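Input: a single structure, listed below in structure tokens.
The values are calculated or read from the model by the stated rules, or taken from the named source; none is laboratory data. Not measured: the values here are computed from a predicted model. Note that each Cβ is placed from the backbone with ideal geometry, even for glycine, and that neighbours are counted across all protein chains shown. Quick note on the areas: whole protein, heavy atoms, side chains included, nothing else; ligands and nucleic acids left out. Shrake-Rupley method; radii C 1.70, N 1.55, O 1.52, S 1.80 Å.
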Amino acid sequence: MLKQENFIQTFFRKVPPLIFISLLWLTIIFFVALFHQQLMPMDYRATNLENRLLPPVFMGGDPAYILGTDALGRDTLSRLIRSIFTSLTVAFIGSIITAIVGTVIGFIAAHFKGIVDEILMTLVDFQYAMPFLIMALLVLAFFGNNIVLFVILLGIQGWMKFARLARGMALSAQEDGYAVAVKQLGASPVRIYARHIFPNVSNIIIVNFSLNFPEKIIVETSLGFIGLGIQPPETSLGNMMAFGRNYLMGEWWLAVIPGTIIFLTTLAMCLVGDWVRDNLDPTVVK
């Protein structure tokens, strides 16, 4: 019991109040996403034109619709809960794809060096020069919009940062004694990178991932806002904002509530990401 109290005291002493609030908010958001099926009071797709555009309870609305309804009479709270699940899931999978693709390409460039390194780094520069929004417009216009393609597009966005980071860290690790020793013992390149180099650079990858995740949420919601993201009958935070922007002069909560969720969630993730970087990144002067 004493050890548990000491751990709690140490945790609160080391974690700044703002970071603690951010972690608490993220815990709530991820809890909502994880248990969205159980938390939704109604079917988020069910329409009822007789109850359209009802205000939230705090503005005198029907207690059965805590956050009111939209123009089709759909329950805003249920759609918000489902949107949190959709946006976080899409952003998380996209971030995983980004981290894997970028790290593998960086390791390949560091291993082969020479012409392979030059080609891959030129590809990185080319990707930096190509605006992601234009590329997304071209791909979605040519192939059509579906959730699988949309997630792949999110995965492509931002892989260059991981590639450059992984390449630099791998080149540095190759000069260390442990990598040279394992190579001389006859270990395969895959084993060297997977079992020895990657674990030693994983902290930096994790830090970059924690900073890339909120960026993915912003990209997903931005594309959803202009109609290129998740398509109806599915819903996302960007989709809800796009639907509610036509009612800002009257039913402002339809856009403001999901917009507030986006703002608070990305802000909390950025704050936590910076805190993680300060504690895990050995290149940061403390």
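Could you list all residues from segment 82-126 that are over 17 Å from Ile204 (Cβ atoms), hydroxyl-bearing (Ser, Thr, Tyr) and open to solvent by less than 70 Å² (accessible area, probe 1.4 Å)?
Within segment 82-126, Ser83, Thr86, Ser87, Thr89 meet the criteria.
In the set Phe85, Phe143, which member is at pLDDT 85 or above, touching a helix residue (DSSP H, G or I) at 6+ places or on another chain (Cβ under 7 Å) and of a type in the set (Phe, Trp, Tyr)?
On inspection, the qualifying residue turns out to be Phe85.
Select the helices (runs of 4 or more DSSP H) contained entirely in segment 99-169, then report the ones holding at least 2 residues which are out of contact with any Asp or Glu (no Cβ under 9 Å at 6 or more places or on another chain), under 25 Å from Glu234 (Cβ atoms) and hydrophobic (A, V, I, L, M, F, W, C).
By residue number, 132-143, 147-156.
Can you pull out the residues in segment 84-127 that are within 21 Å of the chain's Cα centre (by Cα) and aromatic (Phe, Trp, Tyr)?
Listed by number, the residues that qualify are Phe85, Phe92.
Inside segment 61-81, can you point out the residues that are open to solvent by 50 Å² or more (accessible area, probe 1.4 Å) and either closer than 24 Å to Val219 by Cβ or not aliphatic (A, V, I, L, M) (or both)?
Those that are open to solvent by 50 Å² or more (accessible area, probe 1.4 Å) and either closer than 24 Å to Val219 by Cβ or not aliphatic (A, V, I, L, M) (or both): Asp62, Pro63.
Mind checking which residues of segment 238-264 are open to solvent by 60 Å² or more (accessible area, probe 1.4 Å) and under 15 Å from Ile226 (Cβ atoms)?
Once the filter is applied, which keeps residues that are open to solvent by 60 Å² or more (accessible area, probe 1.4 Å) and under 15 Å from Ile226 (Cβ atoms), segment 238-264 yields Phe243, Arg245, Asn246.
I need the full set of residues from segment 33-43 which are open to solvent by less than 60 Å² (accessible area, probe 1.4 Å) and either modelled with pLDDT under 90 or not in a loop (DSSP other than H, G, I, E, B) (or both), in order please.
Ala33, His36
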